1. How large is the helix-only mean residue ellipticity at 222 nm for the chain, computed as the sum of -39500 (n - 2.57) over DSSP H runs with n ≥ 4, divided by its residue count, in deg cm²/dmol to the nearest 500?
2. How big is the gap, in Å, between the Cα center of region 272-326 and the Cα center of region 609-659?
3. Using each residue's phi in region 21-31, evaluate 6.51 cos²θ - 1.76 cosθ + 1.60 at θ = phi - 60° and report the 3J(HN,Hα) Karplus result to the nearest Hz, with x for Gly and Pro.
4. Indicate the gyration tensor shape class of region 72-139 (rounded, prolate or oblate), computed on the Cα atoms with a ≥ b ≥ c the square roots of the eigenvalues: a/c under 1.5 is rounded; otherwise a/b larger than b/c is prolate and the rest oblate.
5. How much length is gained on full extension from Leu248 to Ile684, taking 0.36 nm per residue of separation minus their Cα-Cα distance?
6. For Lys410, Lys237, Lys243, give the ranking by accessible area with the largest first, probe 1.4 Å.
7. Among DSSP bridges having both ends in the chain, what percentage is antiparallel? Round to the nearest 5.
8. For region 523-676, what does the relative contact order come out to in percent, with C-alpha contacts under 8 Å and a separation of six or more?
Amino acid sequence: MWSVAANADDGYRLWLKYDLIKDAGLRTAYASQAGFIQVTGRSGILASAAGELQAGLQGLLGKPVPVVSSGSKTGGIVLTVSQAVALPNAEGYQLTQQGGNVVISAKTEAGVLYGAFALLRHLQTRQPLRNLPQSSSPKVRYRMLNHWDNVNGTIERGYAGGTLWKWYELPETVDPRYRDYARANASLGINGSVLNNVNASARFMTAEYLQKVAAIANVFRAYGIRVYLSVYFPAPKVVGGLKTSDPLDPQVKAWWTDKVAEIYKLIPDFGGFLVKANSEGEPGPQDYGRTHADGANMLAEALGDHDGIVLWRSFVYKADPKGDRFKAAYEEFKPLDGQFHKKVIVQVKNGPIDFQVREPFSPLFGAMDRTPLAMEFQITQEYLGFATHSVFEAPLFKECLDSDTWQKGKGSTVAKVIDGSVGNYTLSAMAGVANTGSDRNWTGNPMGQANWYAFGRLTWDHTLASETLAREWVNMTLTTEPKAAQAITDMMLRSREIYVDYTNPLGLHHIMGYGIHYGPEPWLDRAPRPDWRHTYYHRADSIGVGFDRTASGSNALSQYKPEVQAQWNNPESCPLPYLLWFHHVAWTKKLPTGRTLWDEICTRYYTGADAVGWMQQQWAQAKPAIDPELYADVAGRLATQHREAIWWRDACVLYFQTFAKRPIPAPFRQPDRTLEDVKRLVDIYQMR
């Protein structure tokens, strides 16, 4: 466990900072209810709960708090596991005041652990203990991070150093950081971790690497976190020496059954498999003329009676110059609805393309009413400026979760689809593509920690508001000084919309730098596949810009329920954030803002870039209340963000101006540089 005090804040402690509470009166009030920690048993998860409370209280109160096994004292904290706790979920917890003590109770040890972290969060955010009782249960059963980490130590779309997992040192050397990672996740309610990239290596199905995975699982177990593995579908051929990996072949089925038995012997609480198949060159069941359901069901059957699941990703699309990638997942998976094994969850990205800065929710959430669906969000900022730009993602997550799919009528929100309540499923899952790495502060940009935090909290309770999450994180991580906390919270809540404005306003999408996905490149019209060309998405011409997905175009809108289609089908009433997602709109078209499309696009680009200057001012206001080292780190990144926002602005308005053939509207000035100047800058970032 990391130290509770430090000379400078390097970000390592994340939101688990238990520094001394400066308000002596509040400290005394808390201490009167924290004279001891009473717990029966010191094994496993319950011991972790007691240890977390002891360390946290000592840091916050400035004095040691003993752990006792029994007694009838008052003025302390009692941890208890009881089947009498009236909660809908075994992982839920209650915080109450009974007999002069604060009691943390749950049906399971994991519930007690989550309750312990909830109490610490209560104190970190300076809430009075009179606000008890509290009770909370997770709305989603499987709450996990997906790590796109590779065996060579790199991370696909990772911007915070290399992988956390030191495969060449395992299993003999176990990095203490694994435990700190587990602590951070458990504090949010996350209970699963997929350790390896979905573009998987067959190594993880070998005895050599399963021993390494088991060593990590042994650390995670004390914090209620189960490990999962991404599967390389041809593993029976590559590892097992079989002639085929056909999921219907009896030898292949037997190989997987034996492999599952081997895994559970090493890792009794193994969580299961995540699979990316027949997508972006990854092999899969279609190589043998089989369906996604055939592949997923074979793995599910191999799991047998073990308590594990298969998460099968729906991120699939073919290279079709005349098609619409938007429609691909629906076209492949909708016909399979109802054909998946009871242990299979289909894992769906939040939008139909690929983690863009704003996307409509995936039509699969409204269409597959006979199959449990998992949500896949991307925490790592692949399309949101890497670790350079500060973008708080909770509003993006909430925008999708709160969208109404109309799957079973009004109120069938995405959140209620994935938590199982719409379809009455016991299996439910939310996955986040992790932004963690070997950097000392875990996420590269310290502000990126807030996205890990927000995602985890939303997996537990998707009804939480973005403002609540931002304020909690600021108070726990940066400062409790009211004016500084408010300035930072306001900055965070506006940051995503600001980023959208200076990169992809009004529903523009997929115009980032080719390959690395950094910076702007809307002019890209050459790539190995048509759907990797950015002109494929924005379709700018002399008339206008945008992708027509109505019946007169690709008809992607038909994949949604009629009530959803009605929101977006008419360009006259389509909300501006989604306008160019669904319509090709004339440059001269007058919008509800009173401006033409061209003038509105320019206004968004210019005001968005200027708003990064406002973010810098907000951060500067908080300087006296922020650790100097951390303040300087974020201030430098915001300066870079401002410069690159202007880069985005200039690149996009100059490029689209070649089609619109209209001047930049007042009061904005024509960029000082030319389109060719900006293209040369983009070329620098494409160099090897």
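The values are calculated or read from the model by the stated rules, or taken from the named source; none is laboratory data. No experiment lies behind these values; they were computed from the predicted model shown. Cβ placement follows ideal geometry from the backbone for every residue including glycine, while neighbour counts extend to all protein chains displayed. The accessibility values were calculated without ligands, DNA or RNA, using every heavy atom of the protein model including side chains. Shrake-Rupley method; radii C 1.70, N 1.55, O 1.52, S 1.80 Å.
1. One gets -11500 deg cm²/dmol as the mean residue ellipticity at 222 nm.
2. With region 272-326 and region 609-659 each reduced to a Cα centre, they are spaced 40 Å.
3. For region 21-31, the Karplus-derived couplings read 5, 6, 6, 4, x, 5, 4, 5, 5, 5, 4 Hz, x marking Gly and Pro.
4. Cα axes put region 72-139 in the oblate bin.
5. Full extension of this stretch gives 152.1 nm more.
6. Lys243, Lys410, Lys237
7. Of all bridge pairs located within the chain, approximately 25 percent are antiparallel.
8. Over region 523-676, the number comes to 20 percent.
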